[in-house]
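A.B. asks: Attaching a single structure in C-alpha cells format; questions to follow.
The values are calculated or read from the model by the stated rules, or taken from the named source; none is laboratory data. Since we're looking at a predicted model, the values are computed, not measured. When we count neighbours, we look across all protein chains shown, and the Cβ atoms used for this are built from the backbone with ideal geometry, even at glycine.
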Amino acid sequence: MLNLSLSTVRVKELNVIKKKIEKKGIKKFTHGIASTKYLQLLALPGLIYYVVFHYIPMYGILMAFQKYNLKKGIWGSEWIGFENFIKFFNHPNFWRLIRNTVILNVYHLVFVFPVAIVFALLLNEVRSKRYKGLIQTISYMPHFISMPAIIGMLFMFLSPTSGAFNAFLHNTFGMEPIYFAGDPNWFRTLYIGSDIWVQTGFSAIIYIAALSGVDQEMYEAATLDGATRLQRMRYISIPSIQSTIIILFLLSIGRLMSLGVDKVILMQGTSTLTYETSEVISTFIYRRGLENGEFSFTTAVGIFNSIINFALLLFANKLSRKFSDTSLW
C-alpha cells in the first residue's frame, strides 16, 4: 500500500511538472509571437496568398480522376479513374510536347542560367562604383518591360518587311528576308535569346549579393601573390557562390517540365507554323483546358507534369547531396 501511494504521488508530481512545462512553452510561444507581431503582420499577406491560391485549390486535383461536369461539381461528377492519364499518354502529340518542353528548359539551363553567373562575376571585377551601378541599372531594365512589349519589339526588329535585322542582312550580304516569327527552326533560338536579354541582369542579383559578402582581403592577398583576375574568379569568387549556384540549379531542375505559357503563346501568335517546335505542355493545357473546357483532362496533364518535376528534383537533390555539401534538404 505504501509503494502504491508513493507511485500515485510521483505520478501526480510528474503531471504537475508536465503542466508547468506546457504552460511555460505556451507562454514562451505567445511571447515570441507578441514580440514579433509586426514581422508576423508583414508575413501575413504572403501566407494568405499561398493558402488561398495554392492550398485551398488543391482539392481540384480530384477532377483528374473524373469526367468533370460543371453543373454537378467535383463531388457530383462521374469517377473514371486513370482514363484521363491514359488519354494523354496515347495522344498523338504526347512525345512532341515532352520533347519541346524539355529541350527549351535544357537550353535555358545550358545558355541562360550560366550567363547570369558570368555576368555577376565580371561585374564583381568592376572597381568603379558609378560605372558598376550604371551597368546594373541597364541590365535590370528589360526585366521590368511587359512580355507583350518584349515580343512586340522582337517581331518588329525581325520583321521580313520593315525589320532592321532583315534590312541589315539584305544590304550587307544580299540575303532574302527571313520570316523568323513563322519559321519553326528559329523559334528556340529566339526564345532563348530573348530570355538571355530579359533575365540576365535580374537573375544576377542574387549572385552579386553573394559576392558582396566575400572578404575583400582574400582578393588583396591573391593580387599580392600575383593571381590574375581569372584566377581570382576561379579560386575565390566561384567557390564563394558555389552553394548559391547549386541551390538555384536544383530549383531549375525542379521546373524542367514546366514552362510559362504567356511567352510561348505570344511568340506563336495566331499562326500554327511554329507548332512543331513551339507547342509545349503549358500551351497544350491552356488550349485544351481554357479554350475547349476539358478541365479533367488538363488537370491530369498538370498532375503528370508536377509528378515528373518532383521526381527530377528528388533525384537532383540526391546527387547534389552525394557529390557536394549543398542540398535543399
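A.B. asks: Within the range 140-161, is even one residue surrounded by 12 or more Cβ atoms within 10 Å (Cβ to Cβ), closer than 29 Å to Y275 by Cβ and among the aromatic types (F, W, Y)?
C.D. replies: Within the range 140-161, one or more residues are surrounded by 12 or more Cβ atoms within 10 Å (Cβ to Cβ), closer than 29 Å to Y275 by Cβ and among the aromatic types (F, W, Y).
A.B. asks: Which one of these is over 30 Å from L134 (Cα atoms), surrounded by fewer than 15 Cβ atoms within 10 Å (Cβ to Cβ) and of a type in the set (A, V, I, L, M, F, W, C): F180, F187, F173?
C.D. replies: Details: F180 fails: surrounded by fewer than 15 Cβ atoms within 10 Å (Cβ to Cβ); F187 fails: surrounded by fewer than 15 Cβ atoms within 10 Å (Cβ to Cβ).
None of the others qualify; the one that does is F173.
A.B. asks: Sort out which residues of the range 43-79 are over 30 Å from N292 (Cα atoms) and surrounded by fewer than 10 Cβ atoms within 10 Å (Cβ to Cβ), and write them in order of number. It would help to see each step written out before you state the result.
C.D. replies: Within the range 43-79, the first condition is being over 30 Å from N292 (Cα atoms), and the residues that meet it are 43-48.
Selection gives P45, G46.
A.B. asks: In the list L328, L314, which residue meets the criterion of being surrounded by fewer than 16 Cβ atoms within 10 Å (Cβ to Cβ), farther than 28 Å from I74 by Cβ and not assigned by TED's automatic domain parsing to the domain that holds F88?
C.D. replies: Numbers: L314 fails: not assigned by TED's automatic domain parsing to the domain that holds F88.
Every option except L328 fails the conditions.
Here is a yes/no grid of residues against (1) outside the structural domain of L312 (by TED's automatic domain parsing); (2) modelled with pLDDT of 90 or more; (3) touching a Phe, Trp or Tyr at 6+ places or on another chain (Cβ under 8 Å); (4) of a type in the set (D, E):
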site	(1), (2), (3), (4)
P142	no, yes, yes, no
G163	no, no, yes, no
H170	no, no, no, no
F180	no, no, yes, no
I196	no, yes, yes, no
Q216	no, no, no, no
Y235	no, no, no, no
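A.B. asks: State whether the residues of the range 121-131 include one that is of a type in the set (D, E, K, R), assigned by TED's automatic domain parsing to the domain that holds L230, surrounded by 11 or more Cβ atoms within 10 Å (Cβ to Cβ) and in contact (Cβ under 8 Å) with a residue 40 or more places away in the chain.
C.D. replies: To start, the set of residues in the range 121-131 that are of a type in the set (D, E, K, R) comprises 125, 127, 129-130.
With assigned by TED's automatic domain parsing to the domain that holds L230 added as a condition, the list becomes 125, 127, 129-130.
Imposing the further condition that a residue be surrounded by 11 or more Cβ atoms within 10 Å (Cβ to Cβ) reduces the set to 125.
Still in the running and in contact (Cβ under 8 Å) with a residue 40 or more places away in the chain: 125.
Yes, the range 121-131 contains at least one residue that is of a type in the set (D, E, K, R), assigned by TED's automatic domain parsing to the domain that holds L230, surrounded by 11 or more Cβ atoms within 10 Å (Cβ to Cβ) and in contact (Cβ under 8 Å) with a residue 40 or more places away in the chain.
A.B. asks: Touching a helix residue (DSSP H, G or I) at 6+ places or on another chain (Cβ under 7 Å), among the basic types (K, R) and farther than 30 Å from L230 by Cβ: which single residue out of K87, K132 fits that description? Outline the logic, then answer.
C.D. replies: Working: K132 fails: farther than 30 Å from L230 by Cβ.
The match here is K87.
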